[in-house]
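The structure appears right after this line, and notes come after that.
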Amino acid sequence: MTLQPLRKHIIVQRRDPQRVTESGIVIQGSVNGQDVRAEIIAIGQGCDLNCDTGDIVLPDWSKCRPIRFEDQDYLLVDQDHVHGVFVNAKDSD
């Protein structure tokens, strides 16, 4: 089963940049002062964003609706609440 958003909605999944200290402690990006990013998982057919699945974006986190699907956490967001795309960031944090 797949989850396909309707109209101009997209489904994203958080991709927190991480930093590991020398002692092995993992510091999440939001604590580290970095922007918390999201990866586009699915795009609704009515979306006119200039993005593809797998792109890393910066959504307005206060406008995202959390959803759980097949034991995974995702966020549903309207395309109007995506404020940027990280260019050349698909494989990096």
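Readers should treat all values here as calculations from the given coordinates under stated rules, not as data from a laboratory. A quick note: this is a predicted structure, and the numbers were derived from the prediction, not measured. Cβ sites come from the backbone with ideal geometry, for glycine too, and all protein chains shown count toward neighbours.
Largest first, the extents of the alpha carbon coordinates of segment 38-93 on the three principal axes equal 29, 24, 23 Å. Applying 1/(1 + (r/R0)^6) with r as the Cβ-Cβ distance of Glu22 and Arg68 and R0 = 30 angstrom yields a FRET efficiency of 0.25. Computed from phi, the 3J(HN,Hα) profile of segment 54-64 under the Karplus parametrisation 6.51, -1.76, 1.60 (θ = phi - 60°) reads x, 5, 9, 10, 10, x, 7, 4, 6, 9, 8 Hz, with x in place of Gly and Pro.
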